[in-house]
Amino acid sequence: MTIIKFSQFLSAPVLAAMVLCSEAQAQDAPAAPAAPAPSATVAPATPVSVEPAAPVSVAPAAPVSVAPNPVPQVEIAASRNDDRRQSSTFRQVLGTADLVRYGDGSVLDVLRRQPGIVVSGVPGRKGGELSMRGLGSGYVRILLNGDPAPPNFLLDNLSPDVVERIEIMTVPTVEMGTQAIAGTINIILKRSSGKRQLQLRAGVFHDNDRTKPQVSATYGDQDESLAWLVTASARRMSADEPFLTRTDGSGEDGPILRHLEQYNEDRGWNWNIAPRITKKLGGDNSLTWQSYLAGIVYDSAGYGRTTFVQGPPTALANEDYTSEGSSLTVRNNLTWLSTLSSTSKLEAKAGATLVRSDSSSGVDYVDGHKRVLNRQDLARDNRNRSLIASAKLRNAYMDKHAFVSGIEVQHDRDELDRSDVIDAVSRLDQTGNSFRVDSRRHALYAQDEWDIAARVALYLGLRWERVSLHSENNLGRRVDYAKAMLSPVLQTVWRLPGTKSDQLRLGLARTWRMPQADSLIAGRTLSVNNTVTRPDSGGNPNLRPERALGLDLAYEHYLSQDGLVSVGLFARRIDDVTLTQSVREDGRWVARPTNSGRALARGITLETKFKLPQLVGGAPAVELRGSLSRTWSSVDAVPGPDNRIGTQAPLSINVGGDYSFKSAPISAGATVGYIRNGSVRLSRFETSAETNKRVLEGYLLWKIQPKMQLRLSGSNLLHEDDVKRSSYDGDTLWQTKTVTSPTYTVLRAILELKF
């Protein structure tokens, strides 16, 4: 049994910061009132849709509501922290103000500023992996309106302008799913506010001497029985990306040193549309149709040139290429909400998703005089169809006790056709060029939310889930795979006696991570120049799911004027952790995922936000916010040091502030971020490393008229180079590949209009 020592987290600087922040008190406002148990008639702080009989978004932590008509006056007066404070679960909500503050082009850029979340890559540019609790994107469950996100769903392709709010849960709930070892992010699309809406946001963003447009619009209205809303956004994509790769090492042919210079140009468009219609059926019954459409169209061109400083030259080392592709996602959901009695509600949902993506590229391998030596043509056509149905019954016992039970069924079919031809000769005859994957998911769950005492709230949940998969390729190779998991979850909050603003939280959860289909199927993707740092990639049908036990503790101190100080500790013990390792198979290097025993992740998170006068009397009314996340991890099967899980960032810090000028209708703010990466040992022979990142960004908002404002912002103002390194150090071979790419500042100007 592993004993986790949390004492190492409580260092002197950490305790000093906690004490300093907790002493901040308002000088011009009364103390925050005591936090009573959530009442059935109190509206949550996050604005709730008031569409006629629209299904109320039932977040796991939301107070139980049996009143048919919430009181809007209470919602206006409530603190922004009330929802988080009264919740029985570990849940934070990002509202409209957080989503639009910096004029970000994607939800991914919004999330990189949130406590405990780290995003690799460069702000304002495409790409980047999201991690929570120091664990990468595969450990984070992404939901769209409470349902699993569509295949190929990318947060950097989703505009914040079509999003109502984002819920971040570091401890899962059984209603949202337990395939969430690191946590859950639930993205709620915009819905009607109960009144006519007509908004337009149009502007440009500029980086690397290129200026590109972006635009979004919202239009909605309602009558006595019908409410509807349409939001849409579009953004031009354009990037010029140079890369410099240095490969050095030694092997059977002696020392090697190569320099690869690459240049890539990307052009394209990205768009999102999210229409929603709610029909009142009588009483509190309603029928809602929610659709989500997203698309990408792109083309690119570039070249690569290799200089052999030492060692023998390799074939196919210089290339000129072009590529193009597109992706279309269409999701439609129908939700029926029926009030069975004054204390019971039934919600039934059915949905269908279609995802279609295709891409093609042509590569000319040339000599030093640009004469074509070989021609490679690649193509992929991917089609995914998904059907999902669910039912959820909510029963309220008294006004502080609710029991929810539900069932979910999902069926997906994924079809892939691919080709890889060099000089009219296929390279996929032995690995397969056509695949079909059928997967089914069934789940049952029950959860109980109960304020068992005036200062104690309890959440208990149990979820059973089974996933089965069948895949087959054109060569007749089949994989049948099925796994199930029973996941209990406990969360509780204790509002400390004798205080009006302090509370403790505890979370215990059994979670898991199902392998992705492409990690299981036996097909292989072939690299052109096969080396230990450029291996083929393949699946492993013998992979087992990763299973985790999680413990979370948190202390929260609430200040007046929406202030907060929070300290959290967490630990995850993961069994059958999956690592990707490169091995020799039939004379080629192949990277395959394998189960590698047990891993332990642990850490501490600090968060605070307050107004400067609460700490320094007479200071300007600057709203300050800050967060720190320090994480550790170790994988038993990998020798140390630096045997962390994946690309875990040991340290991330964000500090920001906002200020509204009294002499002019202008507000401004800035954020400084720091991520410490360092070296990670992936296996006995393999390591990877990434440079530390320093990020500076800011914004200025000018309210020209009551319904017109101009937002100026800049991100990646330091524009430091991005450097990544991968190494292999074996008994008779060592090789290191270092990739360096410059980054650029992104500037935006957006005009926002309301009609």
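Every number here is computed from the coordinates shown, using simple stated rules; none is lab data. These numbers come from a predicted model, not from an experiment. Here Cβ is always computed from backbone atoms with ideal geometry, including for glycine, and neighbour counts include all displayed protein chains.
Points to keep in mind about this one:
- For the stretch 618-637 versus the stretch 715-737, the gap between their alpha-carbon centres in whole angstrom: 26
- Within the stretch 6-754: Cβ-based charge dipole about Cα centre, in debye rounded to nearest 20 (Lys, Arg +1; Asp, Glu -1): 1260
- Cβ-based exposure ranking for Lys662, Lys693, Lys703, in which fewest neighbours within 10 Å come first: Lys662, Lys703, Lys693
- If R0 is 41 Å, the Cβ-Cβ spacing of Ser634 and Glu415 corresponds to a FRET efficiency of close to 0.55.
- For Lys280, a cut-off of 12 angstrom between C-alpha atoms picks up these aspartates and glutamates, skipping any fewer than 8 places away in its own chain: Glu51, Asp223, Glu224.
- Positive-end ranking of Phe570, Gln491, Thr738 along the dipole of the chain, with charges on Cβ about the Cα centre, is headed by Gln491.
- Gain on full stretching of the segment that runs from Thr96 to Tyr303 - 0.36 nm per residue minus C-alpha separation: 70.3 nm
- Residue order, fewest to most beta carbons within 10 Å, for Ile168, Ile142: Ile142, Ile168
- Once divided by 2.2 N^0.38 Å, the Cα radius of gyration of the stretch 147-189 becomes 1.20.
- Between Arg246 and Ser341, the simple label model (points 7 Å from Cα in the Cβ direction) yields a spacing of 7.4 nm.
- Kirkwood-Stokes translational diffusion coefficient of the chain, alpha-carbon pairs, 25 °C, 0.890 mPa s, µm²/s: 88
- Neighbourhood net charge (13 Å Cβ-Cβ; Lys/Arg +1, Asp/Glu -1) for Leu354: +2
- Over the Cα atoms of the stretch 409-493, the radius of gyration divided by the Kirkwood radius equals 1.34; this is the Rg/Rh ratio.
- Exposure proxy order (Cβ contacts within 10 Å, fewest to most) of Asp642, Asp480, Asp156: Asp480, Asp642, Asp156
- Summed side-chain charge close to Thr306 - residues other than Thr306 whose Cβ falls under 15 Å, Lys, Arg +1, Asp, Glu -1: 0
- Asn474/Leu281 FRET efficiency (R0 56 Å; Cβ-Cβ; nearest 0.05): 0.70
- Secondary-structure-derived ellipticity at 222 nm for the chain, considering helices only, amounts to -1000 deg cm²/dmol, per-run term -39500 (n - 2.57) for DSSP H runs with n ≥ 4.
- Directionally averaged projected area (the stretch 121-220, Cα convex hull): 8.0 nm².
- Our note on the geometry: Cα centres of the stretch 414-449 and the stretch 348-393, 11 Å apart.
- Sites Thr525 and Arg598 - FRET efficiency at Förster radius 35 Å, r taken between beta-carbons, to 0.05: 0.75
- The long axis of helix 12-22 is offset from the longest Cα principal axis of the chain by roughly 40 degrees.
- Proximal charge balance of Val404 [Cβ under 10 Å; K/R count +1, D/E count -1]: -1
- Both radii come from the Cα set of the stretch 627-755: Rg as radius of gyration, Rh as Kirkwood radius; their ratio Rg/Rh reads 1.19.
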